[in-house]
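Report on the following structure.
The values are calculated or read from the model by the stated rules, or taken from the named source; none is laboratory data. All values derive from a computational prediction rather than experimental measurement. Don't worry about glycine lacking a Cβ; one is built from the backbone with ideal geometry, like all the others, and counts go over all protein chains shown. With ligands, DNA and RNA removed, areas are computed over all heavy atoms of the protein, side chains included. Shrake-Rupley method; radii C 1.70, N 1.55, O 1.52, S 1.80 Å.
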Amino acid sequence: MSHTILLIHPKPSSSTRTYSEYDSVKECLEAICQIYEEHLKRQSPNVPTITYDIVKLFDFIDSFVDIACVVYQRSTSSYAPYSKEWIKDQIYILFREKAMDTDN
């Protein structure tokens, strides 16, 4: 488990910048998915079940001015930055792992 900080800048105004802290990269990735799910719920409040595909999630992530993670590296006792593309790659891996778990 590596402490992870999620930096989000969703809209051009600097006042929209925010950050969140997580105990692991996986927890951070799941929080990004939850942010998207909350966005979908606000758009369609009368829909009882929210479903989406990864392409739409990636479009949502791409709509941000910026989004990045910094992850604590024990080997160097420092934080390493990771880009929007890295986040999407990691979410893809997370979705693939979840799909494999449900197939078993």
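Okay, here's what the table says:
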{"item": "Those residues of region 43-64 which are open to solvent by 90 Å² or more (accessible area, probe 1.4 Å), at pLDDT below 95 and not β-branched (Val, Ile, Thr), in sequence order", "result": "43, 45, 46, 48"}
{"item": "Neighbours by Cβ (under 7 Å, 6+ apart or cross-chain): first from region 16-30, assigned to a loop (DSSP other than H, G, I, E, B); second exposed (fewer than 13 other Cβ atoms within 10 Å of the Cβ) and modelled with pLDDT under 95", "result": "23/1; 24/1"}
{"item": "Residue 72 vs. criteria assigned to a strand (DSSP E or B) and open to solvent by 50 Å² or more (accessible area, probe 1.4 Å)", "result": "yes"}
{"item": "Residue 78 being closer than 27 Å to residue 12 by Cβ and of a type in the set (S, T, N, Q)", "result": "no"}
{"item": "Residue in region 84-96 that is open to solvent by 50 Å² or more (accessible area, probe 1.4 Å), touching a helix residue (DSSP H, G or I) at 6+ places or on another chain (Cβ under 6 Å) and of a type in the set (Phe, Trp, Tyr) present", "result": "yes"}
{"item": "Residue 52, sole failed condition from (1) touching a strand residue (DSSP E or B) at 6+ places or on another chain (Cβ under 9 Å); (2) over 21 Å from residue 9 (Cα atoms)", "result": "(1)"}
{"item": "Single unsatisfied condition, residue 80 versus (1) over 16 Å from residue 1 (Cβ atoms); (2) open to solvent by less than 50 Å² (accessible area, probe 1.4 Å); (3) over 11 Å from the mean Cα position of the chain (by Cα)", "result": "(1)"}
{"item": "Residue count for region 83-104, restricted to those that are within 17 Å of the chain's Cα centre (by Cα) and outside any helix (DSSP H, G or I)", "result": "1"}
{"item": "Top-ranked residue in region 12-29 [being of a type outside the set (S, T, N, Q) and surrounded by fewer than 14 Cβ atoms within 10 Å (Cβ to Cβ); ranked as farthest from residue 79 (Cα to Cα)]", "result": "12"}
